[in-house]
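Take this structure, written in C-alpha cells, and hold onto it; I'll ask about it next.
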Amino acid sequence: MGDMADNRRWWALVVIALAQLMVVLDMTIVNIALPSAQADLGMSDGNRQWVITAYTLAFGGLLLLGGRVADLVGRRTTFVVGLLGFAAASALGGAAAGQGMLFGARALQGVFAALLAPSALSLLATTFTDPKDRGKAFGIFGAIIGAGAAVGLLAGGFLTQYLNWRWCLYVNIPIALVAFFGALALLAPGERHPDARLDVPGALLGSAGMLSLVYGFSEAESRSWGDALVVALLAAGVVLLAVFGWWQTRARVPLLPMSVVRDRQRIGAFLTVLLTTIGMFGVFLFLTYYMQGVLGYSPVKTGLAYLPITVGMITGSTQVAARLLNRVPPRTLMVPGLLLAAGALAIIAQVGTEPAYASHVLPAMLMLGLGMGTAMMTSVSLATGSVAPRDSGAASATFNTAQQVGGSIGTALLNTIAASVTARYLTAHAGPGANRRALQAEATVHGFNVATWWAMAALLLAALIAGVVVNAERAPTLQSAQERTPEPVDTAT
C-alpha cells in the first residue's frame with residue numbers, strides 16, 4: 001500500500017511538471033515562430049511584439065490574484081480550470097485568422113497561466129513534505145523551470161520548420177489534456193480555505209501595479225526609457241504597488257500576507273530569482289539572434305544548440321541541489337551556482353562576428369545550465385517552504401511573479417542597452433569605405449556583448465544577496481501539523 005501511495009505521488013509530480021513545462025515553454029516557443037506568424041498575418045514590426053507582450057502582461061499582472069484564488073477555491077480546481085482554459089486559448093491562437101485574434105488568444109493564455117502556475121507550485125509543496133523526497137521533487141521541478149525556456153526554443157524550431165507556426169500553439173492542447181486527466185486521477189480535491197477571502201481592493205491595486213510595470217518595461221524597448229508614456233507607466237506601477245503594500249498591512253484577509261514577504265529566507269529567494277531572470281531572459285534572446293543572424297543557423301539548429309543548457313539545468317537540479325539541499329545551508333548552493341552562471345556570461349560576452357560556438361558558447365551554456373539549475377531549484381524550495389498551507393498559493397504566486405517580472409525587465413532593459421550601444425557603434429565607425437553589412441554585424445555583436453556584461457552584473461548582485469540575506473542552516477519544510485491541511489495525494493510511506 002505504501003509503495004502504491006509513493007508511486008501516486010511521483011506520478012502526481014509528472015502531472016504538475018507537465019503543466020509547469022507548458023507554462024514556461026510558452027514564454028519562448030513563440031519566439032522562433034514569430035517571423036512566420038508576422039508574415040502570415042500581416043503584422044507590422046511595431047505590432048509584432050504583442051504576440052509576446054500580451055502573454056507576459058496578463059501572466060505577470062494576474063499572478064498574485066491567481067495565487068489567492070487557488071487558496072480560496074482549492075488548488076486542484078484552479079489547476080484543472082487553468083489547464084482547460086490554457087488549452088482552449090491555445091486552440092484559438094492556433095486558428096487565428098488575424099493579428100487581433102492572435103493577440104487576444106495570447107492574453108487569454110496569460111490569464112489561465114496565472115491560475116495554473118501558482119496552483120502547480122503549491123500542489124508540489126503540499127504533496128512532498130518528507131525532506132528527502134521533497135529535495136528530489138524540487139530538483140526535478142527546478143530542472144523543468146530552468147530548462148523549459150530552452151525546450152521551448154527547440155520545440156519552436158522543429159514545429160516552425162517542419163509544420164508551421166500555428167503548431168507552436170496547438171502543441172499545448174495534447175499536453176494540457178494529458179495533465180488534466182492525470183490531475184483528476186492522481187490529485188485529491190484538497191481542502192478549500194474559506195478564511196482566505198478574496199481581497200478585492202488588493203487584487204485591483206496589485207494587478208494594476210504589476211500590469212503597469214510590465215507594460216512600461218515592454219514599451220521601453222520600442223519607444224525609449226525617456227518616453228513620456230514609459231515614464232508614466234513605470235511611475236504609476238511603483239505608486240500602485242506602494243499603495244498595494246500599505247493596503248496589505250490593513251486588509252482583514254490580505255491578498256499577499258505579510259508573513260510571506262517578511263520571512264528573510266523567502267525575501268532572499270524572491271530577490272535572487274528576480275535578478276537571475278533579468279540576466280537570463282535577455283541573454284536567451286541575444287543568443288538566438290547570434291546563432292540565427294550571425295552564424296546563420298536554421299530554427300531547428302538553433303534549438304538543438306540550446307540543448308547543453310538543458311543538460312546543465314537537469315544535472316544542477318537533480319544531481320547537485322537535490323542531493324545536497326537537506327545537508328548544507330541553502331546559500332552554499334545558491335552562491336556558487338550564481339557565480340558559475342555569471343562566469344558563463346563573461347565568456348559569452350566575448351564572442352565576435354566569427355563562429356565561436358564550440359570555443360565560447362558551448363562551454364558557457366553548460367556552465368550556465370549547471371549554475372542556474374543549482375541556484376533556481378534551491379530558490380524554489382526556499383520560496384515555498386515554511387509557509388502556512390492556506391498561504392502557499394500566495395507564496396507560489398509571489399515566486400512566479402518575481403520570475404515573470406524579472407524576465408520582462410531583463411528583456412526590455414538589456415535590449416534597450418544593446419540597441420543604444422549598437423547605434424553608437426554604427427555612428428562612430430561609419431565612413432565612406434566601410435562595409436555596411438560587416439559593420440552592422442560588428443555593431444550588433446558589440447551591443448550584445450555590452451548588454452551581456454550587464455546581465456552578468458545582475459547575476460553577481462543576485463549572488464551577493466543570496467550570500468548576505470539567506471542565512472538558514474537548512475532548506476525549510478512546511479509549517480507544523482497544527483496548520484497543515486490534508487495532503488492533495490496520499491503521502492503514506
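Just so it is clear, none of the values below were taken in a lab; they were calculated from the coordinates. This structure is a prediction, so every number in the text was calculated from the model and none was measured. We place every Cβ from the backbone using ideal geometry, glycine too, and count neighbours over all the protein chains shown.
With an 8 Å Cα cut-off and a minimum separation of 6 or more residues, compute the relative contact order for the chain in percent.
Relative contact order of the chain: 25 percent.
Students often check this: by mean Cβ neighbours within 10 Å, which of 249-262, 455-468, 157-170, 108-121 ranks highest, and how do the rest follow?
108-121, 455-468, 157-170, 249-262
If the chain between residue 229 and residue 464 were fully stretched, how many nm would it gain, using 0.36 nm times the residue separation less the Cα-Cα distance?
Here the answer is 81.2 nm.
Could you please state, rounded to a whole Å, how far the C-alpha centre of the stretch 241-288 is from the C-alpha centre of the stretch 293-350?
23
Follow-up question, since we're still on this one. Students often get this wrong, so try it: which of (1) 12; (2) 16; (3) 8 is percent of Cα pairs over 45 Å apart as calculated from the structure shown?
Matching the structure shown: (3).
Treat the stretch 199-254 as a sphere of radius equal to its Kirkwood radius over Cα pairs and apply Stokes-Einstein at 25 °C in a medium of 0.890 mPa s; give the translational diffusion coefficient in µm²/s, rounded to a whole number.
In µm²/s, the coefficient is 213.
Is there a quick way to get the dipole size of the stretch 1-93? I mean about its Cα centre, with the Cβ of Lys and Arg at +1 and of Asp and Glu at -1; what is the value in debye to the nearest 20?
260
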